[in-house]
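K.L.:
Take this structure first; my questions come after.
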Number of protein chains: 2
Amino acid sequence: MERPAEVPANAARATAERWLGDFEAALASGNPQAVADLFAPTSFWRDLVAFTWNLKTVENPAGVKDMLESVLSHVAPKGFTLSEEPTEEGGIVTAWFTFETGVARGEGLVRINAEGKAWTLLTAMTELKGFEEPMRDRRPMGAEHGQDPGRKSWAEKRAEEAATLGIETQPQVLIIGGGQGGIALGARLRQLGVPTIIVEKNERPGDSWRKRYKSLCLHDPVWYDHLPYLPFPPNWPVFSPKDKIGDWLEMYTRVMELNYWAKTTAKSARWDDAKGEWEVVVDRDGEEITLRPKELVFATGMSAKPNIPNFPGMDRFKGDQHHSSQHPGPDAYKGKKAVVIGSNNSAHDICAALWEAGADVTMVQRSTTHIVRSDPLMEYGLGALYSEKALANGITTHKADMIFASLPYRILHEFQIPIYDKIREVDAAFYEGLEKAGFQLDWGPDNSGLFMKYLRRGSGYYIDVGASQLVIDGKIKLKAGQVEAITETGVKLADGTELPADLIVYATGYGSMNGWVADLVGQEAADKVGKVWGLGSDTPKDPGPWEGEQRNMWKPTQIEHLWFHGGNLHQSRHYSLYLALQLKARQEGIPTPVYGQQEVHHTGR
Amino acid sequence: MERPAEVPANAARATAERWLGDFEAALASGNPQAVADLFAPTSFWRDLVAFTWNLKTVENPAGVKDMLESVLSHVAPKGFTLSEEPTEEGGIVTAWFTFETGVARGEGLVRINAEGKAWTLLTAMTELKGFEEPMRDRRPMGAEHGQDPGRKSWAEKRAEEAATLGIETQPQVLIIGGGQGGIALGARLRQLGVPTIIVEKNERPGDSWRKRYKSLCLHDPVWYDHLPYLPFPPNWPVFSPKDKIGDWLEMYTRVMELNYWAKTTAKSARWDDAKGEWEVVVDRDGEEITLRPKELVFATGMSAKPNIPNFPGMDRFKGDQHHSSQHPGPDAYKGKKAVVIGSNNSAHDICAALWEAGADVTMVQRSTTHIVRSDPLMEYGLGALYSEKALANGITTHKADMIFASLPYRILHEFQIPIYDKIREVDAAFYEGLEKAGFQLDWGPDNSGLFMKYLRRGSGYYIDVGASQLVIDGKIKLKAGQVEAITETGVKLADGTELPADLIVYATGYGSMNGWVADLVGQEAADKVGKVWGLGSDTPKDPGPWEGEQRNMWKPTQIEHLWFHGGNLHQSRHYSLYLALQLKARQEGIPTPVYGQQEVHHTGR
């Protein structure tokens, strides 16, 4: 009997191997057009630092060609190897792979269409050659076996570092803001051996959570929220109570050995061009100290620069009034009349807590709001990637992060719209109740729902954990309209309604993060950097033109050595890797030619 | 063409399925002899709580039959199912499986010989039905969605529990000793919803490590040392420095929400027969409090009750003298003469630290000592189960624990002897150097090395991390002999040698853990419980008769409601599960008929 011709056991594997082989050969030929020809007419290549020293998505063969014309001469990509068995679904072959460049190792994910062309490609740097993290089989020994008169113990060395860094020696990186973002990035940099100080105004790591209203729990579930290196244990609650996440951040900071300056406020920063370093003046628990880092990272939080409204008459109000970020919690307002201006997350949370504490609460809705109940959001929105079910299906946190990162922002709304169609259907009675109560709903400008609103503008929604039922039941009173003025005794609306109030909470949101640059470095620098966050989707609060990536986040800005880090716990975890690699490369003098440098279209004042 | 008879793709699977099927059928038939017939003439069934409510190894068909005659009428075992693909090596088929009993679920590991008979069987309870741990898909929600006027936050509820447990309400379990053992058990019990207080004399969790000499690092590697639920991160050092493990234990205690009473000393304990509870008087930071737990666990550490020697003349010595457990570290002894009595771990560590600090150090060796360098011990002794290589081979920590537990103590030395043969060979020059320096070596009574010494007597060895080279080089002076007396100025040996000393350290080891029972409950109770630790191997410091398991550890003792917990981090991690399940069953009133109750052969005074 004749031996049958060898046919690949797995057609998906054959497709993936062929594409990767062609891709590597085309890259090696140095011919950008040949590489571009491997991409579908509508296609996306997202690169996280590996090819572009940037976070950058290029589109279609023309975009691929343009990018490679800039970078191919120096990147030296090779060694593209499948890292697990490719799969096929609906005519699309999905393949995970690893690769390397001249200076780094990377991983990627490609989706190949029925014509054998790439539809989406993700390439991401994982480590710099020669600067691999000391983990797993590279972990430190800890004990120093042998004899060494006068040797210092771990505790002595750690104490010495904490006492001298920033005083006798200067950090490479200064991170302003010691919340989850600063802490995650600090952990990455510590691993990479980049001397770093984190400054934080609060007394303890985790206080940015602890100091918020007492009933607050995370709105994202545990599977989405892991920090780098040390995942939450399997008994961690789905939605972590704020004090519990505060404790976790505090212990994480300690066991990760971060140089965390609590009770420290940055006062001013300027780039010293002669010395090639920043000069940052901080107040550390009453003592003024000047730090001279090479790189300055703002990790101050995208919801940290309050938008304080300027309503006529605010100065004459006799009761308590404050921005939602300053709200002390409901305990002092039992039996009092409270008016909350706004109808997004903070407004709902504060209204519910005030009602639970026995206050008479009115919410003033000034514009439509998108509402999704937490349960269906978890089930339909996150469940496939971040859940026990996902883990059981082999979708680890890292894999979920990579899958998420592989979906191009340009078409992400197309994946989101069906999720919200489903939610609208299953929760029809809930939404009917809200509308009956007079609540003005929206689903985003293109019905793409919550996550797109988050990425585009970071606001405009409420993840319902109970307040909506209070609105439906009339327990939280609802009033739609615009504020005309604040009076001595309450809020006057444009329709003439007067809402008497002992307390007014302005749940009026937050400004762009470059506001922090204005405060610290100056308005000129803030304008040079421009607006931070958003995709350029040309939807409300996210003006065009299209950016392709989140503005100024985790990547080079128009001010060299000035960076932004932040976002939710998922983003802090995943993108801290790419920012840390960029910072490490600069510390080590590895050339980092940036392709597709962020342009500035909006000052974001 | 005729269809071929179905042959199993995997012969190992067929063997395993056949044995498990026969085993389940024989158990179901209620016929102990039928089950016993499935075991090889020389065979071992180790049960961890699932069949015996005990930790118990029975031997050979006769032992199996005897055990089943006692337990088969009430255990109701069934549902034996392979949990992964069985393997075959050297004629032995190894199979992992799960099963259940009337009240619990379990897991197991069987090794089947070429005749199709069981050679070793391990059965272990994993959870009690109806009392599954709230983990993974059963984890708590954290947030309580909905509306609840006056609701308490997580922080408020946690503070309330901490303020009332032991004051207004009584714990089910009191754990005496808040080191790694008490903490690991406390975490398990918290998960199982068993109200528990841990009392610890030190100021903070982790102080039992922090307060030891400054150069101390763990002698076991990180892969062996994980605590339950929250493994060390991948960047954790191989050998953790003592202060770093101290910090980890402190944060672990906090994030696991243990009720940990620091600065608290137990003063006395008595069983109140009328009330069916213990009455334990503790001093909590100066305040005397009486606790009334149902169960009392000694987790005071197997190396915590010092053997203070009684040499003639100790009272007249003019310098500093103390037991090794009281040694403050070397800093005060630069340029001084130090004599250390003993030649095991503590003696070596203290000698090396004193030498590094500039003291003149003499070690007095009174009996032979077993020495293994740390590197080969890791490579040959632990590497197959606890290492990066093991993890890469799919041996998770849990799997390694189970494999380890599946090797019967009776024949464990047979697996150990070749390891030490190998080490003796590769480190021949090292041992030659030690002997040339006059060091008296041994390899255990049957050449089975370090781990058997640990299990049998908990002493008699040194894991070399550098001190041996100091002995070889004569930097630590060595003197063999017996102490005749302590003089005003030093140590006088039986051969007439006088060793002048400014400091004498008695590195003379520790007594049996029932010494703690004597202190707290009384000598009568201590004698009733008997010696703790050891296997009954009839080797030095471990008198026979053969016990089959470690005496009195993690299982019912002759005093009901009195338990011992401890051992190294591996044992604390793994056996805390079985002890916690026994305690939970008693809390819930689940019948726990004990087979093979611990007998007492030695008072262990």
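The values are calculated or read from the model by the stated rules, or taken from the named source; none is laboratory data. The shown structure was predicted, so the numbers you read here are calculated from the model rather than taken from an experiment. Cβ: placed from backbone, ideal geometry, glycine included. Neighbour counts: every protein chain shown.
K.L.:
Could you check B:Val364 against (1) away from chain A (no Cβ under 14 Å); (2) surrounded by fewer than 21 Cβ atoms within 10 Å (Cβ to Cβ) and say which number it fails?
P.N.:
(2)
K.L.:
Do we have any residue at all in the range A:80-88 that's of a type in the set (Asp, Glu) and within 25 Å of A:Arg551 (Cα to Cα)?
P.N.:
Among the residues of the range A:80-88, not one is of a type in the set (Asp, Glu) and within 25 Å of A:Arg551 (Cα to Cα), which makes the answer no.
K.L.:
Considering only the range A:177-190, state which residues are closer than 21 Å to A:Asp283 by Cα and either in a loop (DSSP other than H, G, I, E, B) or within 13 Å of chain B (Cβ to nearest Cβ) (or both).
P.N.:
Of everything in the range A:177-190, those that are closer than 21 Å to A:Asp283 by Cα and either in a loop (DSSP other than H, G, I, E, B) or within 13 Å of chain B (Cβ to nearest Cβ) (or both) turn out to be A:Gly177, A:Gly178, A:Gly179.
K.L.:
A:Pro8 fails exactly one of the following numbered conditions: (1) surrounded by fewer than 22 Cβ atoms within 10 Å (Cβ to Cβ); (2) modelled with pLDDT of 95 or more; (3) farther than 21 Å from A:Glu127 by Cα. What is the number of that condition?
P.N.:
(2)
K.L.:
Name the residues in the range B:331-358 that are β-branched (Val, Ile, Thr) and modelled with pLDDT under 95, would you?
P.N.:
Selection gives B:Ile350 alone.
K.L.:
Among the listed residues B:Pro86, B:Pro32, B:Pro77, identify the single one that is of a type outside the set (Asp, Glu), over 21 Å from B:Met402 (Cβ atoms), crowded, with 16+ Cβ neighbours inside 10 Å and over 27 Å from the mean Cα position of the chain (by Cα).
P.N.:
None of the others qualify; the one that does is B:Pro32.
K.L.:
Please determine whether any residue of the range A:63-83 is more than 27 Å from A:Ala585 (Cβ to Cβ) and of a type in the set (Val, Ile, Thr).
P.N.:
Checking the range A:63-83: not a single residue is more than 27 Å from A:Ala585 (Cβ to Cβ) and of a type in the set (Val, Ile, Thr).
K.L.:
Any idea which of (1) more than 14 Å from chain A (Cβ to nearest Cβ); (2) more than 30 Å from B:Val110 (Cβ to Cβ) is the one B:Phe430 doesn't satisfy?
P.N.:
That leaves (1) as the condition not met.
K.L.:
Right, here's the next one. Do you know which residues across the range B:243-266 are farther than 30 Å from A:Trp154 by Cβ and without any contact (Cβ under 8 Å) to a residue 40 or more places away in the chain?
P.N.:
Answer for the range B:243-266, where residues must be farther than 30 Å from A:Trp154 by Cβ and without any contact (Cβ under 8 Å) to a residue 40 or more places away in the chain: there is none.
K.L.:
So which residues in the range A:97-116 are touching a residue at least 60 places away in the same chain (Cβ under 8 Å), crowded, with 16+ Cβ neighbours inside 10 Å and not hydrophobic (A, V, I, L, M, F, W, C)?
P.N.:
Scanning the range A:97-116 gives A:Glu107, A:Arg111, A:Asn113.
K.L.:
Could you check, for the range A:368-387, whether at least one of its residues is under 22 Å from A:Val491 (Cβ atoms), in a loop (DSSP other than H, G, I, E, B), under 26 Å from the mean Cα position of the chain (by Cα) and among the β-branched types (Val, Ile, Thr)?
P.N.:
Checked the range A:368-387: at least one residue is under 22 Å from A:Val491 (Cβ atoms), in a loop (DSSP other than H, G, I, E, B), under 26 Å from the mean Cα position of the chain (by Cα) and among the β-branched types (Val, Ile, Thr).
K.L.:
Can you find a residue in the range A:450-466 that is surrounded by fewer than 21 Cβ atoms within 10 Å (Cβ to Cβ) and farther than 30 Å from A:Glu379 by Cβ?
P.N.:
no
K.L.:
Within the range B:521-530, is even one residue assigned to a loop (DSSP other than H, G, I, E, B), charged (D, E, K, R) and over 25 Å from B:Pro195 (Cβ atoms)?
P.N.:
No, the range B:521-530 contains no residue that is assigned to a loop (DSSP other than H, G, I, E, B), charged (D, E, K, R) and over 25 Å from B:Pro195 (Cβ atoms).
K.L.:
Here is a follow-up. Go through the residues of the range A:513-520 one by one and say whether even a single one is on the phi < 0 side of the Ramachandran plot, in a loop (DSSP other than H, G, I, E, B) and out of contact with any Phe, Trp or Tyr (no Cβ under 7 Å at 6 or more places or on another chain).
P.N.:
Checked the range A:513-520: no residue is on the phi < 0 side of the Ramachandran plot, in a loop (DSSP other than H, G, I, E, B) and out of contact with any Phe, Trp or Tyr (no Cβ under 7 Å at 6 or more places or on another chain).
K.L.:
For the range B:462-501, how many residues meet the condition of being more than 14 Å from every other protein chain (Cβ to nearest Cβ) and either closer than 18 Å to B:Pro309 by Cα or in contact with a strand residue (DSSP E or B) (Cβ under 7 Å, 6 or more places away or on another chain) (or both)?
P.N.:
Total satisfying the criteria: 23.
Residue-wise test of (1) within 25 Å of the chain's Cα centre (by Cα); (2) more than 8 Å from chain A (Cβ to nearest Cβ).
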| position | (1), (2) |
| --- | --- |
| B:Val238 | yes, no |
| B:Asp243 | yes, no |
| B:Gly246 | yes, yes |
| B:Val255 | yes, no |
| B:Glu277 | no, yes |
| B:Gly286 | no, yes |
| B:Ile289 | no, yes |
| B:Lys294 | yes, yes |
| B:Phe298 | yes, yes |
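K.L.:
For residues in the range B:329-361 being of a type outside the set (A, V, I, L, M, F, W, C), in a loop (DSSP other than H, G, I, E, B) and surrounded by 21 or more Cβ atoms within 10 Å (Cβ to Cβ), which is nearest to the other protein chains (Cβ to nearest Cβ)?
P.N.:
It comes out as B:Pro330.
K.L.:
Of the residues that sit in the range A:150-176 and are surrounded by 15 or more Cβ atoms within 10 Å (Cβ to Cβ) and among the aliphatic types (A, V, I, L, M), which one is farthest from the other protein chains (Cβ to nearest Cβ)?
P.N.:
Out of the qualifying residues, it is A:Ile176.
K.L.:
Let me spell it out: the conditions are (1) in contact with a helix residue (DSSP H, G or I) (Cβ under 8 Å, 6 or more places away or on another chain); (2) under 30 Å from B:Gly481 (Cβ atoms), and B:Glu295 meets all of them except one. Which number is the exception?
P.N.:
Going through (1) in contact with a helix residue (DSSP H, G or I) (Cβ under 8 Å, 6 or more places away or on another chain); (2) under 30 Å from B:Gly481 (Cβ atoms) one by one, B:Glu295 breaks only (2).
K.L.:
Return the residues of the range A:413-443 that are within 17 Å of A:Asp375 (Cα to Cα) and surrounded by fewer than 17 Cβ atoms within 10 Å (Cβ to Cβ); say none if nothing qualifies.
P.N.:
Once the filter is applied, which keeps residues that are within 17 Å of A:Asp375 (Cα to Cα) and surrounded by fewer than 17 Cβ atoms within 10 Å (Cβ to Cβ), the range A:413-443 yields A:Pro418, A:Asp421, A:Lys422, A:Glu425, A:Val426, A:Ala428, A:Ala429.
K.L.:
Cβ contacts < 9 Å: first residue within 12 Å of chain A (Cβ to nearest Cβ), restricted to the range B:369-394; second residue surrounded by fewer than 19 Cβ atoms within 10 Å (Cβ to Cβ) and of a type in the set (Gly, Ala, Ser), any location; separation 6+ or different chain. Result?
P.N.:
The qualifying pairs are B:Lys389/B:Gly383; B:Ala390/B:Gly383; B:Ala390/B:Ala384.
K.L.:
Somewhere in the range B:168-175, is a residue closer than 30 Å to A:Ala332 by Cα and either out of contact with any Phe, Trp or Tyr (no Cβ under 7 Å at 6 or more places or on another chain) or not small (Gly, Ala, Ser) (or both)?
P.N.:
Yes.
K.L.:
Output the residues belonging to the range A:257-275 that are over 24 Å from the mean Cα position of the chain (by Cα) and among the charged types (D, E, K, R).
P.N.:
A:Lys263, A:Lys267, A:Arg270, A:Asp272, A:Asp273, A:Lys275, listed by residue number.
K.L.:
Restricted to the range B:220-257, and to residues that are more than 26 Å from B:Glu133 (Cα to Cα) and touching a strand residue (DSSP E or B) at 6+ places or on another chain (Cβ under 6 Å), which residue is surrounded by the fewest Cβ atoms within 10 Å (Cβ to Cβ)?
P.N.:
B:Phe239
K.L.:
Applying the selection to the range A:481-517, what residues are surrounded by fewer than 17 Cβ atoms within 10 Å (Cβ to Cβ), in contact with a Gly (Cβ under 8 Å, 6 or more places away or on another chain) and under 20 Å from A:Thr368 (Cβ atoms)?
P.N.:
Scanning the range A:481-517 gives A:Ala494, A:Asp495, A:Thr497.
K.L.:
B:Val282 versus (1) more than 14 Å from chain A (Cβ to nearest Cβ); (2) under 25 Å from the mean Cα position of the chain (by Cα); (3) buried (at least 21 other Cβ atoms within 10 Å of the Cβ): which is the lone unmet condition?
P.N.:
(2)
K.L.:
Now, a different point. Condition first: in contact (Cβ under 8 Å) with a residue 40 or more places away in the chain and within 9 Å of chain B (Cβ to nearest Cβ). Now tell me which residues in the range A:191-212 satisfy that.
P.N.:
If the condition is that a residue be in contact (Cβ under 8 Å) with a residue 40 or more places away in the chain and within 9 Å of chain B (Cβ to nearest Cβ), then A:Gln191 is the only one that fits.
K.L.:
Scan the range B:173-184 and report the pairs whose first residue is under 14 Å from B:Met513 (Cα atoms) and whose second residue is among the charged types (D, E, K, R) and modelled with pLDDT of 95 or more, with Cβ atoms within less than 8 Å and a gap of 6+ or a chain change.
P.N.:
B:Gly177/B:Glu200
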